[in-house]
Amino acid sequence: LDNLNGITGNIAAFGKGVMRTCWVKRDKFADLIPCDIPINLAIAVAWKTATQPSNSIPVYNCTSGSSNPLSWGQLEKIVFSAIRKYPFEGVVRYPGGGFSEYETTNKI
């Protein structure tokens, strides 16, 4: 891991047993993008800027959107399956818990 920002940190916390619940709606989409997609975009933008200079300021957007949607519920199944199959070293307690759709349940 390069960092613990965003969902990467949450997955690491679940894997170590530190985080037990996360308040999300399972049917909503997690707009996650594999790191190679924005890297490829940055390379393409650099090439275009170098080979086709322009006086205007272009704006580029990089989102997964509806092209390959992943719901929080699907992510929950994938993450917890992987955590159990490939356990982390030095866990604080057994990785468990999961996502909660209700704020009260999350706070308990």
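Given their separation in residues at 0.36 nm each and the Cα-Cα distance between them, Thr104 and Gln74 gain 8.6 nm when the chain is fully extended. Average accessible surface for the range 1-97: 75 Å² per residue, computed with a 1.4 Å probe over protein heavy atoms with every protein chain in place. Dividing the Cα radius of gyration of the range 1-89 by 2.2 N^0.38 Å, with N the residue count, gives 1.45.
Once the convex hull of all Cα atoms in the range 1-44 is built, its volume per residue stands at 92 Å³.
The label point for Tyr94 and the one for Ser81, both projected 7 Å from the Cα toward the Cβ, are 2.1 nm apart. Where the centroid of each part is defined by its Cα atoms, how far is the range 1-57 from the range 62-88 in Å? Between the Cα centres of the range 1-57 and the range 62-88 lies a distance of 13 Å.
Solvent-accessible surface of protein heavy atoms, probed at 1.4 angstrom with all chains present, puts Cys62, Cys22 in the order Cys62, Cys22, largest first. Backbone phi angles across the range 75-81, fed through the Karplus curve with coefficients 6.51, -1.76 and 1.60 (θ = phi - 60°), yield HN-Hα couplings of 4, 4, 5, 5, 5, 5, 5 Hz in residue order; Gly and Pro are listed as x. Atom-type composition of the exposed protein surface of the range 6-83 places 62 percent of the accessible area on carbon and sulfur (1.4 angstrom probe). Per-residue accessible area (protein heavy atoms, 1.4 Å probe) orders Tyr102, Tyr60 as Tyr102, Tyr60, starting from the largest. Sequence gap at least 6, Cα distance under 8 Å: using those rules, report the relative contact order of the chain to the nearest whole percent. Value for the chain: 51 percent.
Using the Cβ-Cβ distance between Met19 and Ser64 with R0 set to 25 Å, the FRET efficiency works out to roughly 0.55.
The values are calculated or read from the model by the stated rules, or taken from the named source; none is laboratory data. Remember, it's a predicted structure, so these values are computed and weren't measured experimentally. Cβ coordinates were reconstructed from backbone atoms using ideal geometry, including for glycine residues, and neighbour counts include every protein chain displayed. Side chains included, ligands, DNA and RNA excluded: accessible areas come from the protein's heavy atoms. Shrake-Rupley method; radii C 1.70, N 1.55, O 1.52, S 1.80 Å.
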